[in-house]
């Protein structure tokens, strides 16, 4: 532990020296394509009001990066030298949130402008008894546990993860402050970390997922040295709170480039850090596990393009289906229990293991179990069961998943999916003709004594 603490202190010294070398390159208005009009009305209102109250205020991060890359920004983050409490005093519609990161959210109906105070540099661990600032950095891993240390704009730039996120847009002058050659990174289409790779990934392992997400979202390259460091440090994602990984996973797979994100996470060996129960066969792109997951993500990407609704429940139901199926088959073989019981027990066990790594809210875990149980129930095509299932709240999701499996697995699943397609679109007469005969149980003949009792 002492060695780790010394290492963290050495990293602190290196970081302080690095900050001293940061000098913003001013990109004048005529040398870039970003204008005030690229910001939302409410983002401009926040920037102007902070400036009018004597504070520094810049649009920063993704909105600047995306505009310089030719995209139209959708989210607008603001950074300022005002503390969260000072921001709250300026805006009556402000709400302070967060414990690890103290932020101000300015509410304008459905639009929220996030305002962060310049982040400062973490000093070495304070002496025992200083409860207010204690445990900002983990002595064991160097991971940032709390981050309410405020500083200068230079320190804030040094604290940002990638160089293209350390560009600050001045809405008054329309100049951009580029502290870490972010524009050069954009022009090279290469993701570049600010500072030492090992230190920055130790501070926040989620930066590895962010690197993967930016690579597929912005069509940028991850340099070899960064890929090597990610391979070495991927298991540190186990230290990240499960609730935070749920949000990061949604950003990766439910933002319109999920299919590419799957391939990138496989390439970086990170998919198994998020889903430890996935089989190693996922590396084989001809395997049913990979093909079903990839097809689901391609469909999801297309739905997002068409502005249709998507849900994390379908994502997790697909990702975890084959681990569930394997466990259910094992339970059936070892204990002789029914398929239905085995699937129910396997479903509970699979989800309980997964939520240790990624927290899945109950409203989604309930839907996941419904999609799974429907795979068994859709096999029952006798009596009134198909009519009842058509009215099941999750029928469409369960049917869509069956179709997905049928397209990849073929055979029984494909035949079953086609049957349900015809059943849904048939009239009442056709549906009744499609139903199989009801299997009657063989009744034991009543004994002679029972017949006598009935007669009496």
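What to note about this one:
- Being in contact with a helix residue (DSSP H, G or I) (Cβ under 7 Å, 6 or more places away or on another chain), modelled with pLDDT under 95 and either surrounded by 12 or more Cβ atoms within 10 Å (Cβ to Cβ) or outside any helix (DSSP H, G or I) (or both) is a property that holds for residue 431.
- Flag for residue 106 being touching a strand residue (DSSP E or B) at 6+ places or on another chain (Cβ under 8 Å), modelled with pLDDT of 95 or more and crowded, with 17+ Cβ neighbours inside 10 Å: yes
- Residue check, residue 291 in a helix (DSSP H, G or I) and within 19 Å of the chain's Cα centre (by Cα): no
- Those residues of region 377-397 which are in contact with a strand residue (DSSP E or B) (Cβ under 8 Å, 6 or more places away or on another chain) and surrounded by 13 or more Cβ atoms within 10 Å (Cβ to Cβ), in sequence order: 381
- Pick from region 231-276, criterion closer than 24 Å to residue 349 by Cα and not in a helix (DSSP H, G or I), ranking: farthest from the chain's Cα centre (by Cα): 276
- The residue that is farthest from residue 241 (Cα to Cα), counting only those in region 370-380 that are in a helix (DSSP H, G or I) and more than 21 Å from the chain's Cα centre (by Cα), is 377.
- Residue match in region 168-187 (condition: over 20 Å from residue 35 (Cα atoms), in the same structural domain as residue 52 (by TED's automatic domain parsing), under 27 Å from the mean Cα position of the chain (by Cα) and not in a loop (DSSP other than H, G, I, E, B)): yes
- Of the residues contained in region 362-369, none is found to be in contact with a helix residue (DSSP H, G or I) (Cβ under 6 Å, 6 or more places away or on another chain), surrounded by fewer than 20 Cβ atoms within 10 Å (Cβ to Cβ), part of a loop (DSSP other than H, G, I, E, B) and in contact (Cβ under 8 Å) with a residue 40 or more places away in the chain.
- Unmet criterion (only one of (1) under 30 Å from residue 311 (Cα atoms); (2) touching a strand residue (DSSP E or B) at 6+ places or on another chain (Cβ under 9 Å); (3) not in a helix (DSSP H, G or I)) for residue 207: (3)
- Failed item in (1) modelled with pLDDT of 95 or more; (2) part of a helix (DSSP H, G or I), with residue 18 passing the rest: (1)
- Helices (runs of 4 or more DSSP H) fully within region 306-356 that include at least 2 residues being surrounded by fewer than 20 Cβ atoms within 10 Å (Cβ to Cβ) and touching a helix residue (DSSP H, G or I) at 6+ places or on another chain (Cβ under 9 Å): 321-335, 339-354.
Quick grid of which residues meet (1) touching a strand residue (DSSP E or B) at 6+ places or on another chain (Cβ under 7 Å); (2) more than 20 Å from residue 161 (Cα to Cα); (3) at pLDDT 95 or above:
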site	(1), (2), (3)
4	no, yes, no
14	no, no, no
46	yes, yes, yes
49	no, yes, yes
74	no, yes, no
82	yes, yes, yes
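- Hey, residue 415 out of contact with any helix residue (DSSP H, G or I) (no Cβ under 7 Å at 6 or more places or on another chain) and surrounded by fewer than 16 Cβ atoms within 10 Å (Cβ to Cβ) or not: yes
The values are calculated or read from the model by the stated rules, or taken from the named source; none is laboratory data. Since the structure is predicted, the reported quantities are computational estimates derived from the model, not experimental observations. As a convention, Cβ positions derive from the backbone with ideal geometry for all residues, glycine included, and neighbour counts pool all protein chains shown.
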